[in-house]
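The values are calculated or read from the model by the stated rules, or taken from the named source; none is laboratory data. Source: prediction; values computed, not measured. Neighbour counts run over all protein chains shown; Cβ positions are idealised from the backbone, glycine included.
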């Protein structure tokens, strides 16, 4: 049984997801890089490196990918399922869930303004 927090290795050119895909996972880059691409405009929106996170739409109910993500070189990511994160937060007490939801909403809005 998966914990919802899974290390995954991608190789150069591997597609993590495409625009329009159902958003089911959130990613944290451990090593390597991922480029975020708007294929309709043929534009690279961002080049993310170790420590960066992306795919926060998965943590918002009904999320859909707004851009594509592609590995640049060998890239190791921690894939976090929305359910895995919810399960972890359900075990925690206090305001952690409310704070995380507020931060995710802020991140989502910040990213939307960049597009």
Candidate set: segment 16-33, residues that are in contact with a helix residue (DSSP H, G or I) (Cβ under 6 Å, 6 or more places away or on another chain) and either modelled with pLDDT of 90 or more or in a loop (DSSP other than H, G, I, E, B) (or both); chosen: the one surrounded by the fewest Cβ atoms within 10 Å (Cβ to Cβ): 24
Every residue from segment 1-10 that is part of a strand (DSSP E or B) and in contact with a helix residue (DSSP H, G or I) (Cβ under 6 Å, 6 or more places away or on another chain): 5
Failed item in (1) more than 15 Å from residue 78 (Cβ to Cβ); (2) free of Cβ contacts under 8 Å to residues at least 24 places away in the same chain; (3) surrounded by 14 or more Cβ atoms within 10 Å (Cβ to Cβ), with residue 40 passing the rest: (3)
Options 13, 73; residue that is in a strand (DSSP E or B), exposed (fewer than 13 other Cβ atoms within 10 Å of the Cβ) and modelled with pLDDT of 95 or more: 73
Meets criteria (more than 12 Å from the chain's Cα centre (by Cα), part of a strand (DSSP E or B) and either farther than 15 Å from residue 27 by Cβ or at pLDDT below 95 (or both)) for residue 45: yes
